[in-house]
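A quick write-up on the structure given underneath.
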């Protein structure tokens with residue numbers, strides 16, 4: 001998983017003279033880049049338009065049955081339709097929610 005890092009993140013070249021240092025630097029760089037990629041993947045799951053492995057969770061959230069045979073584009077569109085068709089938020093709805101959760105009057 002080699003990626004060219006910006007200058008501020010690069011280790012000075014003289015550290016690569018020692019084989020042990022070079023191995024450690026490369027191992028840590030690979031782990032860091034893997035963590036960065038995993039974080040980016042998780043971030044994509046927070047949005048329906050970019051969700052992949054979390055589509056089933058989105059479908060469950062809006063009450064849809066998961067159908068793995070459908071392409072992700074179709075599944076995302078179905079989730080978005082459900083989210084849009086759930087209605088508008090009104091002041092009355094917010095008041096009722098606040099009363100039910102916190103006892104707000």
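The values are calculated or read from the model by the stated rules, or taken from the named source; none is laboratory data. Computed from a prediction, not measured in an experiment: that's the story for all the values here. Backbone-built Cβ (ideal geometry, glycine too); neighbour counts: all protein chains shown.
Observations, loosely collected:
- Test: residue 98 is modelled with pLDDT under 85, over 17 Å from the mean Cα position of the chain (by Cα) and either closer than 30 Å to residue 12 by Cα or surrounded by 12 or more Cβ atoms within 10 Å (Cβ to Cβ) (or both): yes
- Residue 54 falls short on exactly one of the conditions (1) modelled with pLDDT of 95 or more; (2) exposed (fewer than 11 other Cβ atoms within 10 Å of the Cβ), and that condition is (2).
- Test: residue in the range 8-16 that is surrounded by 11 or more Cβ atoms within 10 Å (Cβ to Cβ) and part of a helix (DSSP H, G or I): yes
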